[in-house]
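**Q** Following this message is one structure expressed as structure tokens.
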Amino acid sequence: MPMTETAREAERERVARHVLDLVKERGSEIPWTVAMAESGLTRARFEALFADYDDLFDAVAQTWLAPHMAVMEEVLASTLPPQRKMYEFFRRRFIISQGRFREDPEHFTILCEMGAANFERVRSYVDLADHYLCELIAEAQAEGFFAGLSIDEALSLINQMISNYTLPDALIYLGDKLTEQKLARIVDTMFIGLSGEAGADASGVNALKVASS
């Protein structure tokens, strides 16, 4: 009897969570054949759930990143003022990643390596986060912030300024140097000074000019 879509998604998530547990237990990425053997499913049933390794990786990534997606959508739907909304958009994801890193640095590092090796499989999540951030930028601009900048310009600048709090690998290298308090100061600074109204030669600053090469 064919599975319903709900049952199929539930089974995919179950297997994905099991694969995450296996990564933690064995300290390495889990090959397709091992995932199949350890799933408790027949080969036919497993292949009905996952077309190939990439499909399995997609399910694992979706399961791992689900909490991040949930908090972004929660913040986006909130009625917080622009500065607080922007801060929470980054803070809540950072807290999830920081908690996971502190709980098991080795497991966290392996998953970061898996993500880097399969970046094209997680690119859609990065793109979606950028899409949500663009919505926050547009809301802030409607209240007078980030004046003189296009949404794409503001997006690029903010991503570069905040990257240590969005790239999981940064926790591996910086650890406790990354804090909510510092993140709050960075967001405050963005809202105070990030602007395109200071002229083409020095956008967003008062005196510092970037020499043309």
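The values are calculated or read from the model by the stated rules, or taken from the named source; none is laboratory data. The shown structure was predicted, so the numbers you read here are calculated from the model rather than taken from an experiment. Cβ coordinates were reconstructed from backbone atoms using ideal geometry, including for glycine residues, and neighbour counts include every protein chain displayed. Side chains included, ligands, DNA and RNA excluded: accessible areas come from the protein's heavy atoms. Shrake-Rupley method; radii C 1.70, N 1.55, O 1.52, S 1.80 Å.
**Q** Say we look at segment 101-134 and pick out the residues that are charged (D, E, K, R) and open to solvent by less than 70 Å² (accessible area, probe 1.4 Å); which of these is farthest from the chain's Cα centre (by Cα)?
**A** Asp104
**Q** For the subset of segment 1-28 comprising residues that are open to solvent by less than 70 Å² (accessible area, probe 1.4 Å) and either part of a loop (DSSP other than H, G, I, E, B) or touching a Cys at 6+ places or on another chain (Cβ under 7 Å) (or both), which member is farthest from Met114 (Cα to Cα)?
**A** The extreme case among them is Met3.
**Q** Now for a different question. Cβ-Cβ under 6 Å, sequence separation 6+ or interchain: first residue in segment 84-113 and without any contact (Cβ under 8 Å) to a residue 40 or more places away in the chain, partner open to solvent by 20 Å² or more (accessible area, probe 1.4 Å) and β-branched (Val, Ile, Thr). Which pairs?
**A** Sorted first by the residue in segment 84-113, then by its partner, the pairs are Arg92/Val71.
**Q** For segment 40-55, name all the residues that are closer than 12 Å to Asn118 by Cα and in contact (Cβ under 8 Å) with a residue 12 or more places away in the chain.
**A** Scanning segment 40-55 gives Tyr53, Asp54.
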